[in-house]
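Just below is one structure, and these are the notes that go with it.
The values are calculated or read from the model by the stated rules, or taken from the named source; none is laboratory data. Since the structure is predicted, the reported quantities are computational estimates derived from the model, not experimental observations. Cβ: placed from backbone, ideal geometry, glycine included. Neighbour counts: every protein chain shown. Surface areas here come from the heavy atoms of the whole protein model, side chains and all, with no ligands, DNA or RNA. Shrake-Rupley method; radii C 1.70, N 1.55, O 1.52, S 1.80 Å.
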Amino acid sequence: MILLRIMSQSYKINSILYRKSLNVKFCVDVFIAGAGPAGIAAAITVANAGCSVFIIDSQSCFGGMSTAG
């Protein structure tokens, strides 16, 4: 119990207010990060369900390692 008391006194949490405004470029229902096989399958499934999808990948092509090599 003494250890917990010491730790709670030495680790006080201070709150910092942080605000940043971002411009919205696309309005979609689902955002998918990663266009590998699973990401593409998820995008197709969501699109077939009638939702709008935005899919993005860090590589220059979709398909993951099966296309990027």
Quiz item: With every protein chain left in place, what is the accessible area per residue of the range 23-69 in square angstrom, probe 1.4 Å?
Solution: 72
Quiz item: Could you give the nm distance between label points at residue 16 and residue 68, where each point is 7 Å from its Cα heading toward the beta carbon?
Solution: 3.2
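How long is the gain from residue 38 to residue 25 if the chain were fully straight, where each residue apart is worth 0.36 nm and the alpha carbon distance is subtracted? Intermediate values should be presented prior to the final figure.
On the way: separation 13, 0.36 × 13 = 4.68 nm, distance 2.48 nm.
Between residue 38 and residue 25, full extension yields an extra 2.2 nm.
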Quiz item: Of 44, 55, which has the most accessible area and how do the rest follow, probe 1.4 Å?
Solution: 44, 55
Practice problem: Can you send over the solvent-accessible area of residue 27, 1.4 Å probe, protein chains only, in Å² to the nearest 10? | Solution: 120
